[in-house]
Amino acid sequence: MPSRSVHVAVIGAGAAGLVAARELRRAGHLPVVFERAAAVGGTWVYDDGAPTDDPLGAGGTHSSLYASLRTNIPRECMGFFDFPFVAVEGAGDPRRYPGHEEVLRYLQEFARRFDLNGLVRLETEVLRVRRDDTSAASWRVSYRSTKLPDGGSEQVEDEAFDAVLVCNGHFAEPRLADITGIDGWPGKQIHSHSYRVPDPFQGQVVVIIGYHPSGMDISRDIAGVAKEVHVAIRSEPPFEMHRTTAHANLWLHSMIERAQKDGSVVFQDGSRVKADVILHCTGYKYSFPFLGDDDETIGIHVDDNRVGPLYKHVFPPHLAPQISFIGLPFKGIPFPLFQLQSNWVAGVLSGRIELPSENEMMHDVASFYLEMEARGCPKRYTHGLELTFEYEDWLVEKCEMENIEEWRKVINLAVRAKVSDHPESYRDQWDDDHLVTQAHHDFTKYL
C-alpha cells in the first residue's frame, strides 16, 4: 500500500488524462478528471469544424482532426503497454494504421475497461489553478459547466486538491508562420486546426506551409480537388521546383520569402505563384491559461514553446510534486509515454519514488538548456525527444517497470524513416511482419 494517498485534479480526459487517472488510482490516490468536452478522448473526438470568424485561431473548435486522418504510428506500437491496440474482428477499422475513429474507439474502451468514466466530469472547464493557503490541501481549482441551460448564468465552483496533473494536450492554440507582407496579401489564410475536408479548395491554388505529418497528409488530400498545391518546407528541395511523383499538381518549395499585394507568394528559391489560399500546417503552442491569473502566477512560463522550468518535462522543481505535466514531449510514441510519465508521477505522490532536491532538479534543467544551446537547438524544440528511447528507458528504470519491448523500438525507428522516404505508401506497405508477429505474441498476456 502507498505511504500517501492524495486528492488529485487531472485536467483533460484525452489519452494522457485517462491513463493518468488509472495510474493514480492504481497507486491508491483519489483522482478527479475535468474535461471541457462532452466525451472522453481529447483531440481524438472529431467535430466537423463549424465555420468560424477566426480560421487562424482555435475558433472554439475542440478537435484538430481532419476527416481523412490516419495514424502515422502502427497500432501495435501506439497502444498502452498493458492494453494493446488490436483490431476487433468484425468491428471498427482493422487497418494497421487506422483512421481517427478507431483511436477514439480504443480510448473509449480503455475508459470502460478500467472503470474510469465515473472519475470524469464532462463538460467542465477548468478556469484557474491557484495556491491555497487556507487549508491543508495545496491547490484550489476553479471550474464551470460548459453546458448551461437556456437563460442560465455561468456559475463558477471551487474545489481543493492536494495535487494537480496538467493533461490538456497541445493541439488547441495554433502556431502561425511569420510571413513578410502578409497583411497586404489579398488571399485567404487558415490553420490546419480548422481544416476538415478538401472540398472548399476545389479548383484553387493552395500554398501549404509545413511538411510534417499533417502537411504531408493535407497536401495530398487537397491535391485531389485543387488546381495546384505548393508546399513550403524548411529543408530546401533538391532543385527549385520539385514535383512529387504521385500528384502532377503538387510541388515542393523552399520556405516563403514574402507575400505580395497582387496575390503572389514568393519562395526563397526564387519561384512564385499566385495563390488563393495559404494553409498553415505549422503546429501549435503550449497553452495553460488556467495556471495563475493577472494578479498571481505560479512560476511556470511558456517561452517559444519551452514550458519551464520543468524537470524531465514533468515537474516544476519549485512546485514538485504537487504540480506536474503529462504529455508535453513530441516525437516519441505518445500513449506509452503518457503511461510512463503517469506512473512516475503516481509513484512520487505516493512516496514510492523519491525526487531529487529542488536545487538538484533546477541544476538538471539548467544543464539541459545549456546543452541545447551548445548544439544550436532552438527553444521550440525543448520538448522534442530523440529517437533513441533514452528518455522512455529512464522513466522505466525510475518506475521499476518492465523494459520496453525491442520490437516496439525497432518498428518505430523504421517507420520514422519510411514516413519521409515513402509518404504515399508507408501506411499500407511494410516488410516487418515478423516484428508484428512478435508484438501479437507479447500481447497474449493482456488479451
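Would you confirm whether or not the stretch 319-329 contains a residue that is among the hydroxyl-bearing types (Ser, Thr, Tyr) and in contact with a strand residue (DSSP E or B) (Cβ under 6 Å, 6 or more places away or on another chain)? Give the steps one after another, and end with the answer.
To start, the set of residues in the stretch 319-329 that are among the hydroxyl-bearing types (Ser, Thr, Tyr) comprises 324.
Retained after the next criterion (residues that are in contact with a strand residue (DSSP E or B) (Cβ under 6 Å, 6 or more places away or on another chain)): 324.
Yes; the residues of the stretch 319-329 include at least one that is among the hydroxyl-bearing types (Ser, Thr, Tyr) and in contact with a strand residue (DSSP E or B) (Cβ under 6 Å, 6 or more places away or on another chain).
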Check your understanding: Pick from the stretch 74-115 the residues that are open to solvent by less than 10 Å² (accessible area, probe 1.4 Å) and hydrophobic (A, V, I, L, M, F, W, C): which of them is farthest from GLY41 (Cα to Cα)?
Key -> CYS77
Study note, to complete from the structure: Flagged in the stretch 200-237 as part of a strand (DSSP E or B) and among the β-branched types (Val, Ile, Thr), in numbering order, are VAL205, VAL206, VAL207, ILE208, ILE209, VAL229, VAL231
Revision key, fill the gap. Selection from the stretch 60-72 of residues open to solvent by 10 Å² or more (accessible area, probe 1.4 Å) and either of a type in the set (D, E, K, R) or closer than 22 Å to PHE338 by Cβ (or both) yields HIS62, SER64, LEU69, ARG70, ASN72
Review point. Just checking, how many residues over the stretch 201-228 are farther than 19 Å from HIS422 by Cβ, open to solvent by less than 20 Å² (accessible area, probe 1.4 Å) and over 21 Å from the mean Cα position of the chain (by Cα)?
Key: 6
Practice item. Please go through the stretch 393-447 and pick out each residue that is open to solvent by 90 Å² or more (accessible area, probe 1.4 Å) and of a type in the set (A, V, I, L, M, F, W, C). Key: TRP430, LEU447
Point to revise | Hits in the stretch 372-392 - residues which are open to solvent by 80 Å² or more (accessible area, probe 1.4 Å), among the acidic types (Asp, Glu) and over 25 Å from ARG175 (Cα atoms) | key: GLU390
Study note, to complete from the structure: Flagged pairs (Cβ under 7 angstrom, 6 or more apart or on separate chains; first in the stretch 424-447, closer than 30 Å to ILE222 by Cβ; second open to solvent by less than 90 Å² (accessible area, probe 1.4 Å)) are GLU424/ALA246; TYR426/VAL415; TYR426/LYS418; TYR426/VAL419; ARG427/ARG70; ARG427/TYR97
Check your understanding: Between a first residue in the stretch 342-359 that is touching a residue at least 12 places away in the same chain (Cβ under 8 Å) and a second residue that is of a type in the set (Phe, Trp, Tyr) and not in a helix (DSSP H, G or I), which pairs have beta carbons less than 7 Å apart while being 6 or more apart in sequence or on different chains?
Key -> LEU355/PHE315
Exercise for review: Using the structure shown, decide if ILE404 is in contact (Cβ under 8 Å) with a residue 60 or more places away in the chain and more than 26 Å from ARG26 (Cβ to Cβ).
Suggested key: no
Check your understanding: If we keep just the residues of the stretch 172-200 that are closer than 22 Å to LYS285 by Cα and small (Gly, Ala, Ser), which is surrounded by the fewest Cβ atoms within 10 Å (Cβ to Cβ)?
Key -> ALA177
Point to revise | Residues that are out of contact with any helix residue (DSSP H, G or I) (no Cβ under 7 Å at 6 or more places or on another chain), over 13 Å from TYR97 (Cβ atoms) and in a helix (DSSP H, G or I), drawn from the stretch 413-439 | key: LEU413, ALA414, ARG416, ALA417, SER420, ASP421, ASP433, HIS434, THR437
Practice item. Being surrounded by 24 or more Cβ atoms within 10 Å (Cβ to Cβ) and in contact with a helix residue (DSSP H, G or I) (Cβ under 6 Å, 6 or more places away or on another chain) is the filter; apply it to the stretch 1-11 and report the residue that is nearest to HIS193 (Cα to Cα). Key: VAL10
Practice item. Give the residues of the stretch 302-327 that are in contact with a helix residue (DSSP H, G or I) (Cβ under 9 Å, 6 or more places away or on another chain), over 18 Å from SER367 (Cβ atoms) and open to solvent by less than 10 Å² (accessible area, probe 1.4 Å), sorted by residue number. Key: SER324, PHE325, ILE326, GLY327
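The values are calculated or read from the model by the stated rules, or taken from the named source; none is laboratory data. Note that the structure is predicted; figures quoted are calculated from it, not measured. Note that each Cβ is placed from the backbone with ideal geometry, even for glycine, and that neighbours are counted across all protein chains shown. In case anyone asks, the SASA skips ligands and DNA or RNA and just uses the protein heavy atoms, side chains included. Shrake-Rupley method; radii C 1.70, N 1.55, O 1.52, S 1.80 Å.
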